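Notes follow once the structure below has been shown.
The values are calculated or read from the model by the stated rules, or taken from the named source; none is laboratory data. In this text the structure is predicted, and so the values were computed from the model without any measurement. No Cβ is skipped: glycine too gets one built from the backbone with ideal geometry, and neighbour counts run over all protein chains shown.
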Amino acid sequence: MGWVEIVIRSLSAVFMLFILTRILGKKQISQLTFFEYITGITLGELAGFISTDVEAPYMYGVVALLVWFTVPLAMEYVTLRNIKLRRWLDGTGSVVIRDGKVLEANLQKERYNSHELMEELRKKNVFNLADVEFAILEASGDLNVLLKSENQPLTPKHLGMKVPASRQTHEVIVDGKVLDERLAELGHSRAWLNAELEKIGVTHDNVFIGQVDAAGQLHVDLYDDKITVPVSDEKKLLLATLKKCEADMTIFGLSTRHRGAAAMYQRNAELLEKQVQKLTPFLKQ
């Protein structure tokens, strides 16, 4: 009968804690769902009681822990396919700003005041309510903000520019030690690394962290912050050379009297211009 009592008491506690946490609102559970929040707290408390309360039977604590483990696990499986139950257990987002106007009713429903709202907006680098198109307080307690179109940051896509995909940067020097395996994965050797370090006038012993980016360029942070590492101009020089070649072919095409040669120069100048446009975002990185 003791085990049954523990199961009943634990199930009752699950229900009561969930209701209380649901009433408290989203601010109490940042990053966690309601169920995860109460489950985490209770499992920790039960583990503490099992460890310290030597007068209580040990198996009672085990039964309680199993209940608090089994119920959330079962709920996770059920909510994967039951949208209504998932919304009831995890909650749903609440719109708190629409078209620059605060929806006070929704704000009060979530126990949010104006100071807390402005604080969350400032965390998103938003200081003017009029700049906000839409803001929603998620079930996790996070405030997600969509700025109006005219206030959104300008991106290469807005300018019709194509940029190369970002790739992972790899460390090849850490604490002054060369990671030869990482170099080999990138297709480089110790000789290549030494040559790159020689260009900037340092040795790997003086490098705190050395990284190779997606373009194959080496970037280093030195132990001595007073030393300024020279910036490589190879890409800029290559871009300038390509543009000069394009300009030269255009001039040759305009200056020659031979129609066939003029057409050839013009055609190649146009082809080179297209390639320069594709390479420009990469060479300007």
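Scanning segment 190-222 for residues that are within 20 Å of Q168 (Cβ to Cβ) and among the small types (G, A, S), which turns out nearest to the chain's Cα centre (by Cα)?
Once the filter is applied, the top-ranked residue is A214.
Condition first: within 29 Å of R86 (Cβ to Cβ) and of a type in the set (F, W, Y). Now tell me which residues in segment 109-157 satisfy that.
Matches in segment 109-157: Y112, F134.
Quick one: which helices (runs of 4 or more DSSP H) sit completely within segment 68-139 and have at least 1 residues that are modelled with pLDDT of 85 or more?
104-109, 114-123
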